[in-house]
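Working notes, beginning with the structure itself.
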Amino acid sequence: LDDLLGEGVSGRRVFVRADLNVPFDKANPGVISDDGRARAVLPTLIALRDAGARVIVASHLGRPKGAPDPKFTLAPVAARLGELLGSTVVFADDTVGPAATEAVAALQDGQVLLLENLRFNEGETSKDDASRGAFADQLAAFADFYVDDAFGAVHRKHASVFDVPARLPHYAGGLVLKEVEVLKRVSESPEQPYVVVLGGSKVSDKLAVIQALLPKVDKLLVGGGMCFTFLKAQGHEVGKSLLEAEMIATCQDLLKQAEGRIVLPVDVVAATEFSADADIVTVDASEIPADRLGLDIGPKSTALFAEAIAGAKTVFWNGPMGVFELAPFAAGTRGVAEAITKIDGFSVVGGGDSAAAVRALGLDDAAFGHISTGGGASLEYLEGKTLPGVAALEK
Ligand code: 3PG
């Protein structure tokens, strides 16, 4: 982005791919529950706006099926972005249709326009190169330059991420640059001891990253819903807890391969149902009653994990330890997060859910080395995969 600003952008049209895929409050539709992703792209938007560029911002929101769907409109995000920027954000209620075309033509120097959800258009996510290309042609026609600051979406081979940069002079925004630098540091030269904390619901989602990280880490601490498949693989009964039966054998292999470096919870908070009002007990991980499900790691596990974290020089954390949104099941995630803030080393929080947990628990962002805006993107980077959005910028 600095290179582009150096060339001078006053009066030029700059297309900024942002990741404004923010979560909404389930109880209050239209109310954004965590605007971290919008805040993360502000420096890029402010720099371009203040340099007099005509800024065209585009993002996806949720997973609509290639056609307009009012549930996934970016209109509330445009309003929030305007508040954060302290200047009006014009909103076009289509992405490449007449409203967008008119709004782009009317843009003044230093104005910011947000297009409607990219995924209201089939071409955005299409696997067919021609269909993606046709949509990319329409997007690219709006601008003179392309800036990618949507780190959360760089792992998607989508038109706005992969094909538009092939059609315009392209630049990495400050957020993408910082995220890639941090993840490079953690994956190529992590200072030892290196402790990875993984949570979230499914082992299958994390399998590739576990396999990639296992040779590099001193300890891999596993909590969240995914720990129950590992506990089952160790021979424990897990009651009604989340279980991926087809992954049990894989977990057994991983445990063998890890030679003690995969650390599992020793106790869990188990409830009769998925509710804060359920009957809740803390039990040993080997004694989960048949009629209960584990919804958080227990205090002994939290202490065990905190001790492992305390000795680390590098920590990467992805995925909550329990259902932190419900108060009775938040202690494990809080304990682990607090332990990470205290290390004498470098910590990275990866993933929408873990970043949202940090903020929902009222922890200070600044206490962590880096909070990534990308969930899937940061995991795929650590897996060693080529990220289409990054590859497109490198070309
Ligand atoms: C995310 O939330 O991880 C990014 O915004 C990407 O969203 P997606 O998984 O729907 O592509």
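Note that the range 217-329 presents 42 Å² accessible area per residue, ligands and nucleic acids not counted, probe 1.4 Å. Three principal axis extents of the range 69-206 based on alpha-carbon atoms, in descending order, are 55, 39, 34 Å.
With K and R counted +1 and D and E -1, the other residues having a Cβ less than 12 Å from that of ALA159 yield a net charge of +1.
The calculated P(r) of the range 144-265, using every Cα pair and 10 Å bins from 0, goes 12, 33, 24, 20, 9, 1, 0 in percent.
Look at the alpha carbon pairs under 8 Å that are at least 6 residues apart: their mean separation over the length of the chain gives a relative contact order of 15 percent. Restricting the calculation to alpha carbons of the range 236-298 gives Rg and Dmax of 12.8, 40 angstrom. The Rg/Rh ratio for the range 71-113, using Cα coordinates for both the radius of gyration and the Kirkwood hydrodynamic radius, is 0.98.
For the chain, the antiparallel share of DSSP beta bridges with both residues in that region comes to about 20%.
Straight-distance candidates among the lysines for linking to LYS240, with alpha-carbon spacing under 17 Å and chain neighbours fewer than 8 residues away dropped: LYS202, LYS232. Its Kirkwood hydrodynamic radius, worked out from the mean inverse distance over all distinct Cα pairs, puts the chain at 22.0 Å. Compactness check for the range 274-357: Cα Rg over 2.2 N^0.38 Å is 1.16.
Return the whole-Å distance between the Cα centroid of the range 252-310 and the Cα centroid of the range 73-98. Taking the Cα centre of the range 73-98 as reference, the centre of the range 252-310 is 43 Å away.
Once you reduce the range 140-187 and the range 31-64 to the center of their Cα atoms, the two points are 13 Å from each other. Show log10 I(q)/I(0) for the range 16-130 at q = 0.09, 0.15 Å⁻¹, two decimals, from a solvent-free Debye sum over equal Cα scatterers. Debye output, listed in q order: -0.23, -0.64.
Shown here for the range 318-355: chymotrypsin sites (Phe, Trp or Tyr not before Pro) in loop regions (DSSP other than H, G, I, E, B) with at most 14 other Cβ atoms within 10 Å, of which there are none.
Treating only the Cα positions of the range 202-241 as identical point scatterers, give the base-10 log of I(q)/I(0) from the Debye formula at each q in 0.15, 0.23, 0.24, 0.32 Å⁻¹. Rounded to two decimals, the profile gives -0.39, -0.81, -0.86, -1.14.
Go through the range 251-357 and name the trypsin sites (Lys or Arg not before Pro) that are in a DSSP coil and have 13 or fewer other Cβ atoms within 10 Å of their Cβ.
Answer in residue order: LYS342.
Taking a sphere under 12 Å around the Cβ of GLU188 and counting the other residues whose Cβ falls inside, with K and R at +1 and D and E at -1, yields a net charge of +1. Quick one: among GLY235, GLY224, GLY123, which has the greatest mean-square fluctuation in a GNM of the chain with alpha-carbon springs under 10 angstrom? Result for the chain, Cα springs under 10 Å: GLY235 fluctuates most. Taking only the alpha carbons of the range 305-352, we obtain Rg and Dmax values of 10.8, 31 Å in that order. Among the trypsin sites (Lys or Arg not before Pro) in the range 106-144, those placed in a DSSP loop whose Cβ has at most 10 other Cβ atoms within 10 Å are LYS127. Within the range 329-378, the percentage of alpha carbon pairs spaced more than 18 angstrom apart rounds to 22%. By DSSP, the beta bridges lying fully in the range 1-139 are antiparallel in about 10 percent of cases.
Taking a spot 7 Å from the Cα of ASP344 along the direction of its beta carbon, which residues of the range 283-311 have an amide N less than 19 Å from it? Taking a point 7 Å out along Cα→Cβ of ASP344, the residues of the range 283-311 whose backbone N falls under 19 Å are 306-311. A simple count of charges around ASP267, restricted to other residues whose Cβ falls under 15 Å of its Cβ and scoring Lys, Arg +1 and Asp, Glu -1, yields -3. For the chain, the 222 nm mean residue ellipticity estimated from helices alone, with every DSSP H stretch of n ≥ 4 adding -39500 (n - 2.57) and the total spread over all residues, rounds to -11000 deg cm²/dmol. Each label point was placed 7 Å from the Cα along the Cα-to-Cβ direction; for ALA310 and ARG261 their separation is 2.3 nm.
The values are calculated or read from the model by the stated rules, or taken from the named source; none is laboratory data. Bear in mind that the values here come from a model prediction, so they are computed numbers and not experimental data. Virtual Cβ from ideal backbone geometry, glycine too; neighbours counted across all protein chains shown. Surface areas here come from the heavy atoms of the whole protein model, side chains and all, with no ligands, DNA or RNA. Shrake-Rupley method; radii C 1.70, N 1.55, O 1.52, S 1.80 Å.
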